[in-house]
Amino acid sequence: MRTKTQKQDIIQDLKKNFDQAKGFVFLNLQKLNSPNLFRLKKELRNSDSSLQVSKKTFVHIANPEITLENISGPFALVFDFEGNLKPFSILGKLKDEMTLEVYGGSVEGRHMAADQVWQIAKLPPREIMLSQLVGSLKGRLYATVSTLRAPLQKLHSVVNQIKEKKQ
């Protein structure tokens with residue numbers, strides 16, 4: 001049994017994590033065995049995020065805005081401190097392999113259901129999405145430039161044809 005000071009330390013640690021985190025996910029631990037849990041912790045640690053097992057009462061005291069009605073049984077919180085959604089993609093990558101189940105989560109203060117968490121987990125990394133956006137914008141700019149250039153090219157060819165006829 002934990003002492004009162006240990007419980008207060010856990011609550012303070014949770015408060016600190018909620019304040020620093022850009023996003024978090026509630027992860028169901030019932031179907032997760034120990035080796036898979038340690039592997040998941042190692043993967044998350046490498047991506048500047050953390051996994052913290054907690055009790056509902058501690059989470060409610062640390063952050064009363066969070067609703068915990070749909071959570072039953074042991075759970076853990078996966079915190080994303082960088083805001084790059086890397087923990088979400090790690091969970092998505094290991095979902096089928098470890099039979100991971102999430103209750104929900106939050107990104108930038110927006111609460112999400114479990115299916116929304118999995119949709120975010122399927123997204124490509126930020127760098128790839130940015131390069132796709134730049135490529136799309138670049139293609140649109142080239143199309144606009146060629147559309148604007150076409151009448152001038154036609155005028156130039158007509159002027160050249162008139163010039164050739166006069167000579």
task: Give the residue that is surrounded by the fewest Cβ atoms within 10 Å (Cβ to Cβ), with candidates limited to residues of the stretch 92-113 that are among the aliphatic types (A, V, I, L, M) and over 13 Å from the mean Cα position of the chain (by Cα).
output: Ala113
Failed criterion for Glu65 (all others in (1) over 19 Å from Trp118 (Cβ atoms); (2) within 18 Å of the chain's Cα centre (by Cα) hold): (2)
field: the stretch 92-117, subset assigned to a loop (DSSP other than H, G, I, E, B) and touching a Lys or Arg at 6+ places or on another chain (Cβ under 7 Å), residue nearest to Leu40 (Cα to Cα)
entry: Thr99
message: Here is a check on your reading of the model: is Asn46 out of contact with any Leu (no Cβ under 6 Å at 6 or more places or on another chain), farther than 21 Å from Ile120 by Cα and free of Cβ contacts under 8 Å to residues at least 60 places away in the same chain?
response: no
message: Could you tell me how many of the residues in the stretch 13-38 are in contact (Cβ under 8 Å) with a residue 24 or more places away in the chain and either over 23 Å from Ala113 (Cα atoms) or not assigned by TED's automatic domain parsing to the domain that holds Pro87 (or both)?
response: 2
Unmet criterion (only one of (1) on the phi > 0 side of the Ramachandran plot; (2) not assigned by TED's automatic domain parsing to the domain that holds Phe26) for Gly104: (2)
- request: For the stretch 120-139, state whether one or more residues are surrounded by 17 or more Cβ atoms within 10 Å (Cβ to Cβ) and either of a type in the set (A, V, I, L, M, F, W, C) or touching a Gly at 6+ places or on another chain (Cβ under 8 Å) (or both).
  value: yes
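The values are calculated or read from the model by the stated rules, or taken from the named source; none is laboratory data. Remember, it's a predicted structure, so these values are computed and weren't measured experimentally. Cβ atoms come from the backbone with ideal geometry, glycine included; neighbour counts cover every protein chain shown.
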